[in-house]
Structure formats: structure tokens, C-alpha cells
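Report on the structure given below.
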Amino acid sequence: MNIRRRCVAVAVLTGFVLPIHASDQEPLQITSGAVTVVCPLTIGGEFEAKTTALSGTITPMSGGTLKGALTVELVKLQTGISLRDRHLRENYLEVKKGPTYSVAKLENIK
């Protein structure tokens, strides 16, 4: 599994909370959120990249599934160190390759 897939999975799963009172078939617009991506280092340890650039619309369905998608803008991830931010975006996430690389999208949520 490459670092792009591993980081994205962690980011989206920690980035939102559904209200308990949401009923089936009622669309929920994500208006704000905080995403934290935990990136493991090959020599041990880890660092976090954070962003509030989370958006999307989801609809709770029966059986605990969600219809819709969540999107995270990977270009806005920040680690607190500008050189590490640049390496993360350009070398690992390759966000300059185009729009499909600059966002992470989570669909078919169960």
C-alpha cells in the first residue's frame, strides 16, 4: 500500500462526525471539519498533517451505510514545517499531477 492511500484513509475517517438525530434519507452537508493525517516514517515515529479543507454531502442509509462522498483538499495539508509540507505534497502525494491527485475522495462509506 503506498503512502497516498494509507494517509488518505486515516484522514477522512477522523475528519467528521454525524449527528445522532440524522434520519435515513436526509442529506447532510459537511460545512466544516478538521482532518488529521498520521504519516508513518520509515525510520520509526510519525508526523501529522492537518487541514480544515473538508467538504461533501452524505445521506445516512439503513444498515449503517452512507450515500455520497467526502472530499479533502490535499494541497492544503500542513505539518508545521514548510519543507516537509512541500515534500509531502510534491513527492509523496504528487498533487501537481492534476485535479485527481490534489483531492482525496471517500465514497461508499460503511
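Observations
- Ranked from largest, the principal axis spans of the Cα set of the stretch 38-103 equal 43, 29, 18 Å.
- Per residue value of the accessible surface for the stretch 62-110 (all protein chains in place, 1.4 Å probe), Å²: 67
The values are calculated or read from the model by the stated rules, or taken from the named source; none is laboratory data. Because the structure is a prediction, the values reported are computed rather than measured. Accessible surface is based on the protein model in full, side chains and every heavy atom, while ligands, DNA and RNA are left aside. Shrake-Rupley method; radii C 1.70, N 1.55, O 1.52, S 1.80 Å.
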